[in-house]
Amino acid sequence: MRRNINFLLLALLSLICLNTVAQENIHMIKMESEMLRLISSPDKDAFMQVTEKLKAECQKQGNERLFYKAWGNQSTYEATHQNYMLAEEIADQIAAYAEEQNSYWGNYIALHTKAVNALQKQDYKTAEEGFKKAVEFRHKYFPGESAGEDLQELMKIANHRKDQKAGLKYARQILAEPNVLPIHKGRALFRLSQFAFNQNKKELYDSIYNELQTLKASDGIGTIEPVVEVNYQIIKGNYDEALRLCEELSPESRAERMAVIYHRMGNNDKAYEYMAKFKKINDSIVLVSHGNVVASCFVQMNNERMKLEQKMLENENARWKQLFLFTLAAAVVIILALVIWQHHRRIKFLEKENEKLEIARQRAEQAFDLKNEFISHITDELRAPLNPIQGLSDILGMKDMELQPEEREELSRHIKNSSKHITKIIDELAELSLYESKKSLPINYTISPNHLCRHMVDTIRPRCKEGVRAFFESELPDDLAVATNLEAIEALLRHLLDNAVKFTDQGVITVACSEYGDMVRISVTDTGRGVPPEQTEHVFDTFRELGDNVKLRGLGLAICKAIVKLLGGEIWLDTDYHEGTRFVFSIPKGGEVTK
């Protein structure tokens with residue numbers, strides 16, 4: 001019995017605690033709702049009273065995010081009511097307090113709030129920079145969360161500027177965000193649907209429409225706007241259904257969509273009628289109400305202009321005879337001046353062309369010398385393995401030469417290695433020729449730099465010399481995606497790692513990934529022989545001597561340089577690293593995969 005009573009008391013106490021927590025949560029939700037209701041109200045005292053209470057309750061319960069959100073809304077309220085200096089002061093207070101408390105979320109709210117305030121002032125440049133910083137900050141410190149809110153504001157700014165390319169870029173970034181909110185995803189898909197409709201890309205529009213349908217079914221937030229349904233029927237050619245759905249649109253959108261529908265149906269009279277209605281709706285009230293006054297002023301200004309032109313014509317006719325001789329003389333002088341100027345210009349042009357021809361001749365001679373030098377290097381490189389092959393083959397072919405099985409096996413191994421070296425040189429020549437002959441590479445794959453580099457490191461470990469270890473490290477999240485040419489980036493890493501394996505006798509080989517603005521930076525570091533300082537500027541040249549008995553075999557680095565150039569990036573030797581060799585290259589994150 002006593003145990004049952006204790007159990008009932010414990011259950012009752014638990015219910016009381018749960019009820020208290022629920023009441024506190026409801027109270028917090030009510031205060032947050034009241035804060036959002038009052039943020040556009042002129043009653044500043046009421047708004048500030050609610051937000052201060054909410055901040056105090058958040059600090060009591062340890063709700064950091066809502067605390068900074070309420071504080072940020074105080075700044076936004078001042079900006080909304082054009083108290084911009086006070087709004088900026090509050091945002092600075094948030095930043096200072098967050099820095100003091102070492103709060104990443106507080107720092108993010110400060111960045112976001114300043115961008116919102118700049119947007120309120122219609123300072124779109126500052127707002128855009130602020131939202132970009134907020135996105136970068138959120139990606140860095142909250143990698144598993146979506147920056148869709150800031151990206152959506154950037155998309156709105158781009159649309160305001162009629163920058164379609166930027167708007168589409170931000171829409172795609174929203175869709176690529178982790179854990180993106182349905183409302184943000186819906187707005188991004190809506191923006192992409194407008195682009196697909198305007199470009200008449202039916203398959204793209206269908207896929208976007210299906211995603212919106214799925215989103216609406218799963219989240220029930222009504223993300224499909226009526227205009228999307230109308231555009232869907234238009235692009236499908238169901239014009240009667242599209243006209244029926246137009247009844248759900250606003251008067252402005254209805255007139256615009258109906259004009260498009262009738263135009264596609266070939267009824268241009270109707271299309272013109274509804275386009276005129278659309279224009280009329282868009283006209284301002286002032287222009288509509290004062291249309292007659294404007295027309296009257298225009299007629300009056302036109303009459304005055306005609307009178308002035310008539311008077312000017314009479315004056316010209318009266319002065320024509322007096323000016324005729326002067327005009328004729330002036331024309332002769334001008335013609336002579338033009339002839340002299342053209343002659344002088346022709347001489348200057350010929351001089352410049354001669355200079356260009358001289359430069360071209362010098363470049364041609366230079367190219368000829370480089371070609372001969374290249375052929376000479378290739379000849380030396382091929383002769384080195386060919387001579388042993390020929391000599392060893394002669395030995396194997398001598399009938400009177402008795403060789404032990406071990407000796408024959410050793411000779412065969414030498415011949416095979418030399419053949420492989422020749423094949424490698426020929427393959428690299430073909431590869432270099434391929435990349436140098438191209439003007440660009442197709443972006444054909446979306447990769448994770450981490451996954452690719454980790455795989456490449458795994459492939460070279462078995463080929464490392466005894467005592468050499470290979471590592472991979474990265475500052476990037478695994479879900480970061482880069483659109484690039486997969487075959488080219490794999491070839492680039494393969495050549496760099498081949499060099500690292502070849503010239504590292506002991507120590508470590510490290511592949512590292514990092515982010516630098518809109519570029520991804522990858523480095524390949526080894527503790528090998530290194531490159532002499534006097535030869536660093538020639539490291540990407542073909543067939544260069546790199547010191548005593550150290551020669552760059554093959555064309556790997558020249559191929560790397562050609563690939564990076566085609567990918568729109570850069571590659572360099574890190575001369576500040578002295579423990580071996582470190583090559584670094586960067587490639588852009590952006591780009592659209594072409595199918």
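All of the numbers you see were taken from the coordinates with simple rules; none came from a lab. Note that this is a predicted model, so its numbers are computed, not measured. Neighbour counts run over all protein chains shown; Cβ positions are idealised from the backbone, glycine included.
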Taking the Cα centre as origin and putting +1 on Lys and Arg beta-carbons and -1 on Asp and Glu beta-carbons, what dipole magnitude results for segment 117-182, to the nearest 20 debye? 260 debye
Quick one: 3J(HN,Hα) in Hz for segment 115-123, Karplus 6.51/-1.76/1.60 with θ = phi - 60°, rounded, Gly and Pro as x. 5, 5, 5, 5, 5, 4, 7, 6, 8
Relative to the present Cα-Cα distance, how much length would full extension add between residue 125 and residue 498 at 0.36 nm per residue of separation? 129.6 nm
Distant-in-sequence amide H partners of residue 469 (H built 1.01 Å from N, under 5 Å): 507, 508, 509
Among the listed pairs 30/121; 132/565; 169/589; 125/156, which have their C-alpha atoms separated by more than 20 angstrom in this model? 30/121; 132/565
Spin-label model distance (nm) - residue 324 vs residue 201, 7 Å beyond Cα toward Cβ: 6.7 nm
Search the structure for amide H atoms under 5 Å from the amide H of residue 520, placed 1.01 Å from N in the peptide plane, and list their residues when 5 or more places away or on another chain. 587, 589
Could you tell me the extents of segment 429-495's C-alpha atoms along the three principal axes, largest first, rounded to whole Å? 41, 33, 14
Would you mind pulling out the separation of the Cα centroids of segment 248-269 and segment 436-475, in Å? 54 Å
